[in-house]
Amino acid sequence: MSHERPENEMTENYREDEPGGSTSRHLKMACDQVSHYASTSRHAALNSALEALLSAYPPSEVPVTALAGLDQLHLGGVGGTHELLALAKLQKPSSFTPLKILEPGAGLGGLARHLVSQSARNGVQHHVTTLDLSDSLCQVAIALNRATGLSEHIRVLEGDACYPELHPALPGRRFDRVLSQHLLVHLSDKPGVLKQWHDCLEDDGYLILHEPVLSVQAQAFGERPELPVPWALTTRADQLATCEELHEAMANSGFEVDTHVELTDQVLAWQARRQQHARSSHQSDNAGDPLGSCDAQELSNAMLAARALTPELIFGPTFALMQRNIAQALEAGWLEVHLWRLRKRPAQHASGTGRPHL
């Protein structure tokens, strides 16, 4: 698979007439906001962990589930991905026609791999294009797509997820689905970005959003999650919004809410399982057994390698504090997690700005 080498090409193709100031300034801010993902200081540890996993499987046969500790970094983990895919209407009625799918802000590409793997089991092979700003994450995504044998159906592009149209490989391209996990939480101009994604969709297409949001209760009491959190190290980078603000942005960018689901209860259960696992691991470490109740000899190299794939490889040692802050915000009711399926409004109604009906 060819990897789009973007920095020179991409910069040459960015326009300076986007709303809210120059695109080059936007790009600089965006780069600053994602600089804590897989920084160069952690490349050696990440490479070592991945090499151990890849060596435990035949070429191109790593199961997508083995990567979940590393590439499912959103709230809810792989369960959130399954919820998103269930909502995405990936099979057209009475048809197995492959869909054209765009995932902006794809990171390591875990969602795309789960989508392609799941669809193949259902007898259809969709075509997924991922777009991410981080060169290092794109490079790892390409390697993982090859390792799982899915690279023929996933195209990895490096570029600004806010402006897909500006990537040299995508002008004029239209997609049946746009899927996004925990990306709007990075972005201040949500209506502008949603409008860009709206324009990338076919008329019968859907946008699926999976986002953390600030609760009504938190807004009323002036509360927010403590920093750092996985999407922000500083107050300036934290663009967490309320459901009401997101609904207004959706309506103002030409979308109607087709389905809206809250996943907070599932995320709380997931968080509790993570905390229990962390306590069990700590107790096992203190007892001199780093693998919990399992004997090290009973675990295969593949299982050991999968256990070593953790979010710390991406976020570094501050992830423990991020995790604590997220857990506290969820338990206090300040933070919620929601999932939406949005459809484009018919052309004659696209100029309206009313709040969508739920």
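So in region 38-63, with the set limited to residues that are at pLDDT 90 or above and part of a loop (DSSP other than H, G, I, E, B), which one is least open to solvent (accessible area, probe 1.4 Å)?
Checked region 38-63; the qualifying residue least open to solvent (accessible area, probe 1.4 Å) is Val62.
Could you give every pair whose Cβ atoms fall below 7 Å, whose first residue belongs to region 262-283 and is modelled with pLDDT of 95 or more, and whose second residue is open to solvent by 50 Å² or more (accessible area, probe 1.4 Å), counting only separations of at least 6 or pairs across chains?
Listed pairs, sorted by first residue: Leu263/Glu83.
Any residue in region 252-261 that is modelled with pLDDT under 95 and surrounded by 13 or more Cβ atoms within 10 Å (Cβ to Cβ)? Lay out the reasoning, then the answer.
From region 252-261, those modelled with pLDDT under 95 are none; that's our starting set.
Looking for residues that are modelled with pLDDT under 95 and surrounded by 13 or more Cβ atoms within 10 Å (Cβ to Cβ), one finds none in region 252-261, hence no.
Taking into account only those residues within region 223-239 that are touching a helix residue (DSSP H, G or I) at 6+ places or on another chain (Cβ under 9 Å) and more than 19 Å from Gly316 (Cβ to Cβ), which is most open to solvent (accessible area, probe 1.4 Å)?
By that ranking, first place goes to Arg236.
When the residues of region 240-251 are narrowed to those that are under 21 Å from Gln328 (Cα atoms) and surrounded by 16 or more Cβ atoms within 10 Å (Cβ to Cβ), which ends up farthest from the chain's Cα centre (by Cα)?
Taking region 240-251 and keeping what is under 21 Å from Gln328 (Cα atoms), we get 240-243.
Keeping just the survivors that are surrounded by 16 or more Cβ atoms within 10 Å (Cβ to Cβ) gives 240-241, 243.
Details: Leu240: 15, Ala241: 17, Cys243: 19 Å.
Ranking the qualifying residues of region 240-251, first place goes to Cys243.
Do you know which residues across region 297-310 are buried (at least 19 other Cβ atoms within 10 Å of the Cβ) and under 21 Å from the mean Cα position of the chain (by Cα)? Even if it seems obvious, please write down each step before you answer.
Taking region 297-310 and keeping what is buried (at least 19 other Cβ atoms within 10 Å of the Cβ), we get 305-306, 309.
Result: Ala306, Leu309.
Evaluate the following for Lys195: is it more than 15 Å from Gly105 (Cα to Cα), touching a residue at least 12 places away in the same chain (Cβ under 8 Å) and of a type outside the set (A, V, I, L, M)?
On the way: more than 15 Å from Gly105 (Cα to Cα): yes; touching a residue at least 12 places away in the same chain (Cβ under 8 Å): yes; of a type outside the set (A, V, I, L, M): yes.
Judged against the criteria, Lys195 is a match.
Looking at Val140, is it among the β-branched types (Val, Ile, Thr) and either out of contact with any strand residue (DSSP E or B) (no Cβ under 8 Å at 6 or more places or on another chain) or more than 27 Å from Phe319 (Cα to Cα) (or both)? Outline the logic, then answer.
Working: among the β-branched types (Val, Ile, Thr): yes; either out of contact with any strand residue (DSSP E or B) (no Cβ under 8 Å at 6 or more places or on another chain) or more than 27 Å from Phe319 (Cα to Cα) (or both): yes.
So Val140 passes the test.
What are the pairs, 6+ residues apart or on separate chains, where a residue within region 60-84 that is at positive phi has its Cβ under 7 Å from a residue that is open to solvent by less than 20 Å² (accessible area, probe 1.4 Å) and assigned to a helix (DSSP H, G or I)?
As it stands, the answer is Ser60/Ala147; Gly76/Val267, since those pairs meet every condition given.
Just to confirm my filter: which strands (runs of 3 or more DSSP E) fall fully inside region 114-221 and include at least 1 residues that are open to solvent by 10 Å² or more (accessible area, probe 1.4 Å) and farther than 26 Å from Gly254 by Cα? Let's see the steps before the verdict.
On the way: elements: 127-132, 154-158, 175-181, 201-214.
Ranges flagged: 154-158.
The values are calculated or read from the model by the stated rules, or taken from the named source; none is laboratory data. Only a predicted model underlies this, so the values are computations on that prediction, with no experimental measurement involved. So basically every Cβ, Gly included, is an ideal-geometry build from the backbone, and we count neighbours across all protein chains shown. In case anyone asks, the SASA skips ligands and DNA or RNA and just uses the protein heavy atoms, side chains included. Shrake-Rupley method; radii C 1.70, N 1.55, O 1.52, S 1.80 Å.
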